[in-house]
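K.L.:
Could you have a look at this structure, given as structure tokens, before my questions?
The values are calculated or read from the model by the stated rules, or taken from the named source; none is laboratory data. Keep in mind the model is a prediction, meaning the values are calculated, not measured. Neighbour counts run over all protein chains shown; Cβ positions are idealised from the backbone, glycine included. Please note that ligands, DNA and RNA were not included when accessible areas were found on the heavy atoms of the full protein model with its side chains. Shrake-Rupley method; radii C 1.70, N 1.55, O 1.52, S 1.80 Å.
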Amino acid sequence: MKNNFIILIILTGISFQFLSCNTVKYVSENEHLLTKNTIVVNDKKNVDDEINDYIVQRPNQLVLGIPLPLHFYNIGNKDFETDFETWKETKPNLADFTIGLFSEKQARGIRNFKYNTHQWFLNNGEAPVILDSKKTTQTVENLTAHYFQEGFFNVKVNSDVNLLKNKKAAVNYTVITDKPYALDSITTYIESPVLDSIYAIHKNESILKEGTQFKYSLFVDEKNRLTDIFRNSGVYRFNRNAILYEVDSSKTNYKSDVLLIINDSINGAAFKVQKIKNIHIYTDYAYGTKDNPIIDTLNYNGFTFLALDQIKYKPKSLLNAIFIEPNSIYQDDTRELTRKHLRGLNNFSTVDIKYTELGNNFLDASIYLTPLKKYSLGFNTELTQSNIRQLGISGKLSFLNRNVFKGAEILKFSVQGSFLDSKDAADSGSLLNAWEIGGDVSLELPLFFFPLKTDKVISKSKSPRTTFTLGTSLQKNIGLDKQKFTGIIDYTWESSKTNKHSFQLLNSQFIRNLNTDSYFSIYKSEFDVIQNIASTYFNETLTTTNVIDFIDTNVDANFETTNPTEYKIAQNIKNRHSILTENVLIPSIAYTFTYNNSKNYKDTDFSFFRARLVSAGTLTYLLATKKDDNNVKTLLNTPIAQYLRTDLEYKKFWGISLENVLAFRSFIGVALPYGNSSTIPFSRSYFIGGPNDLRAWKIYDLGPGSSKNGLEFNVGNLKFISSLEYRFKVLNSIKGALFVDAGNIWDITNSTVTSSEAKFNGIKSLKDIAIGAGFGIRYDLSFILLRLDLGFKTYEPYLPEGSKWFSNYNFKHTVYNFGISYPF
């Protein structure tokens, strides 16, 4: 409580410092600080963010209602003297004292340091926004133009400047729209018979319809629609400037007549439908050698491949990414589709497509491909942190070979290693006492590599890909020192711009534990629990190597009769020991569907949905014949894991303003063992907590349910988590966030040794959902975002009734989460 009180005093002091700052410090006597803009439309205050975009001058940025960047700017001193000699003359006593205490050189350095400090505040803060009458007038003009384009031809916009106390001002904009005009008769005048016939086919799809409110955007959309139609119907020369509108808004009944005019030519050349005659593909084009003679030429299925050196690509493979066909009419869509898919091969630095007009309504198409370097090396490093691995330094070296089999394939070989500070290590007192090393090789093919033809089901326009991956890794001083082998066959394709699919025909992993004898030395909390049972009920002292023998011998049916709670605890620990120490083979088939309507990486207003279904061990179980002593089917003397798992994730982002985003994420996952397995492998189970999850708890620290067993690793086979985060700009590259996370894991098996608190028992188990809240600070380096989130335990389901809320909501129990990029 004492620490919290001190921190509260400090935060209050800082807040008071900012609040007490004079916001008009750098506002001159005849100037006014703009503090507020208000738009009233037809006697109602505007709540449409789009309308606010037409305001030219806006007040200083607010951070949680405080003009923090302005206060930051005001800390700096604009009038700080920079000349050292001037300072000595104007303040001789202070100068003599400083020089006498230090030296003239050091005093000059101190002076320069103070100057640079003030400049840093001025450069990183935000100067006061001074009311500008010209910008107010420009805003009135912008609002008038906007409503006029929306069909309000009689709109009137006025501004009223309200001068406030302390050199501050607010501006009120009043908009009276009157009634909007609607489209009346819509007629066309199309000079070209070719264009007229094409227009007639698509006339009923017109965006301009009688009775629709007049909006300038509708005319733009209709112009774009017609341009797309004509240019995808073979009219190569068509230009959107050939489309004109004449609008008669002189009527007094709030209706406008529209005449659509489409000219028959551009620069005197009549529009016509043109076909592709020849297609030339330059496979090694470079601007510096573009005039060199062609050495190698190959004709294939009506396409001509050319190279300055040697054609290094199989024609059939490149044609899987080319949609322009000989003797087909010109289409913008096939041109863009070809450019997109050729770039998607990741073999070419530039892709350029040009057309040359020939006689007799024909075109020649030329595709210029500039290859990337065949070989490339990549190296990256990363710092990691979690409650299990206090500090980690990792590095990855990648070697990439493009066009390895002349089919635009990509062969990638990677080696990665990590040095970690692990509390599980035998020498846990030393820094970086654990390590992990691994490697993998992958081959990506720009097609479906499958015995049967799939073209009719997954056409080449859907960007089919096949990726083969083999990998292995070895850990030392991390848990039980696992060794992993992985093999994956993955098919991916895109059914639309927003929908992506992945089908893993094989995702197989073999996990081998190399240090099982140290289990109870590593998981000390479990050993302590069993030792307490042994000493309390049997007067025995255990070692870390005879715990399981003790449970098998003593914790039996008779012990259950007298001590049912301790029996369940001991059997649960034995069950966890079996799960974590058992070598396991996990052969699975998985399908993933992803929806993402984000336009680009800068988009802040979009939705994301992902669904994944995994079936593990079904086919392998049917083919396997051997069984172990527990009647469990094995392959290579390793039990075959068999389970079904489904994961659903939804994310929604709202761009509140240019620098403010509201982000929502929700996830639910279920994994059910069956057949050959009674439990889910540890590596495929759910955990909760950590920097990208429930941030008020460390990884593995919560659950299952309302249980509080104090064990190092807590997992379950049902998980739910939901997060709401408000992200905002604080200052330049510094960003902030306020968040609330809620979630937990549960056990949904019929295990008799699992406590009732850990099981999911329907709707009543929703009371076990833990809640954490907090704030974060992020530093945006453009190419990477560094993140620190502070999570506070808000609702703890494992605490007694009456103390679940806010019992540990303080800085003493804060969980600090370091991360790279946003949490979701």
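K.L.:
Which length gain, in nm to one decimal place, applies between ILE66 and LYS652 when the Cα-Cα distance is subtracted from 0.36 nm times their residue separation?
P.N.:
Taking 0.36 nm per residue and subtracting the Cα distance, the gain is 208.2 nm.
K.L.:
At a 1.4 Å probe radius, carbon and sulfur cover how many percent of the accessible area of the range 47-125?
P.N.:
The C+S portion of the solvent-accessible surface of the range 47-125 is 53 percent.
K.L.:
Go through 406-416, 680-690 and give me the packing order, highest mean Cβ count within 10 Å leading.
P.N.:
Averaged packing, sorted descending, gives the order 680-690, 406-416.
K.L.:
Just the Cα atoms of the chain, one point each, no solvent: what log10 I(q)/I(0) does Debye give at q = 0.08 Å⁻¹?
P.N.:
Scattering profile of the chain, log10 relative to I(0): -1.07.
K.L.:
Using the structure shown, select from LYS135/LYS497; LYS574/LYS812; LYS316/LYS652; LYS568/LYS719; LYS277/LYS497 the pairs with a Cα to Cα distance greater than 32 angstrom.
P.N.:
Those over the limit are LYS135/LYS497; LYS574/LYS812; LYS316/LYS652.
K.L.:
Separate question: With Cβ to Cβ distances under 9 Å as the rule, what net charge do the other residues near SER265 carry (K, R +1; D, E -1)?
P.N.:
-1
K.L.:
Probe radius 1.4 Å, ligands and nucleic acids ignored: give me the carbon and sulfur share of the accessible area of the range 226-287 as a rounded percent.
P.N.:
That share works out to 45 percent.
K.L.:
Let me ask something else about it. How large is the charge dipole for the chain, taken about the Cα centre, if only the Cβ atoms of Lys, Arg (+1) and Asp, Glu (-1) carry charge, to the nearest 20 debye?
P.N.:
My answer is approximately 640 debye.
K.L.:
Next up: What's the extension gain from LYS627 to SER197 if we count 0.36 nm per residue and subtract their Cα-Cα distance?
P.N.:
Value of the extension gain: 147.4 nm.
K.L.:
Hey, another quick one. Tell me, in nm to one decimal, what length is gained between ASP48 and ASP96 on full extension, where the rule is 0.36 nm per residue of separation less the Cα-Cα distance?
P.N.:
Separation in residues times 0.36 nm, less the Cα-Cα distance, equals 11.2 nm.
K.L.:
Here's a follow-up. Using alpha carbons only, how many angstrom separate the centre of the range 141-178 from the centre of the range 243-263?
P.N.:
28
K.L.:
Something else: 7 Å from Cα along Cα→Cβ at both PHE664 and ASN239: what's the point-to-point distance in nm?
P.N.:
4.7
K.L.:
Another question about this same structure. Between LYS25 and SER782, what is the FRET efficiency for a Förster distance of 35 Å, r being their Cβ-Cβ separation, to the nearest 0.05?
P.N.:
Working from the Cβ atoms, E equals 0.65.
K.L.:
Right, something else. State the answer as a single residue: which of LEU738, ALA169, PHE449 lies farthest towards the positive end of the charge dipole of the chain, with beta carbon charges of +1 for Lys and Arg and -1 for Asp and Glu, about the Cα centre.
P.N.:
It is PHE449, whose Cα lies furthest towards the positive end.
K.L.:
Roughly speaking, to the nearest percent, how much of the range 152-200's 1.4 Å accessible area is carbon and sulfur?
P.N.:
50
K.L.:
Right, another one. What does the charge count near ASP556 come to, summing +1 for each Lys or Arg and -1 for each Asp or Glu among other residues with Cβ under 14 Å from its Cβ?
P.N.:
Surrounding charge for ASP556 is -2.
K.L.:
Considering the options ASN499, ALA611, ASN596, tell which one lies farthest towards the positive end of the dipole of the chain, charges being +1 on Lys and Arg and -1 on Asp and Glu at the Cβ, about the Cα centre.
P.N.:
Most positive-ward Cα: ASN499.
K.L.:
Kirkwood Rh over Cα pairs of the range 774-824 into Stokes-Einstein at 20 °C, 1.002 mPa s: D in µm²/s?
P.N.:
Stokes-Einstein gives a translational diffusion coefficient of 172 µm²/s.
K.L.:
How much accessible area per residue does the range 254-315 have, in Å², with a 1.4 Å probe?
P.N.:
Per residue, the range 254-315 has an accessible area of 55 Å².
K.L.:
Taking the alpha-carbon centroid of each part, what is the distance from the range 607-649 to the range 266-334 in angstrom?
P.N.:
49
K.L.:
So if we plug the beta-carbon distance of LYS272 and PHE593 into 1/(1 + (r/R0)^6) with R0 = 41 Å, what FRET efficiency do we get, rounded to 0.05?
P.N.:
0.40
K.L.:
Name the lysines eligible as straight-distance cross-link partners of LYS209: C-alpha to C-alpha under 20 Å, and not fewer than 8 places from it in the same chain.
P.N.:
Within the straight-line cut-off, LYS209 pairs with LYS179, LYS223, LYS251, LYS255.
K.L.:
Turning to a different aspect of this structure: Could you give the radius of gyration (one decimal) and Dmax (whole number) of the Cα atoms in the range 52-97, in Å?
P.N.:
18.9, 56
K.L.:
List the pairs from LYS203/LYS599; LYS524/LYS759; LYS36/LYS165 whose alpha-carbon separation is above 18 Å, in the order I gave them.
P.N.:
Cα-Cα > 18 Å for LYS203/LYS599; LYS524/LYS759; rest within.
K.L.:
Can you tell me the order of 768-779, 149-160 when each peptide is scored by its average per-residue count of other Cβ atoms within 10 angstrom, highest first?
P.N.:
Top to bottom by mean Cβ count within 10 Å: 768-779, 149-160.
K.L.:
Hey, how many Å between the Cα centroid of the range 712-751 and the Cα centroid of the range 34-110?
P.N.:
Taking the Cα centre of the range 34-110 as reference, the centre of the range 712-751 is 38 Å away.
K.L.:
Label points 7 Å out from Cα along the Cβ direction at GLU89 and TRP120: separation in nm?
P.N.:
Inter-label distance under the simple model: 3.0 nm.
K.L.:
Each label point is 7 Å from the Cα along the Cα-to-Cβ direction; what then is the distance between the points at SER185 and ASN166, in nm?
P.N.:
6.4
K.L.:
For PRO464, what is the net charge nearby, where nearby means another residue's Cβ is under 15 Å from its Cβ and Lys, Arg count +1, Asp, Glu -1?
P.N.:
Its environment carries a net charge of +3.
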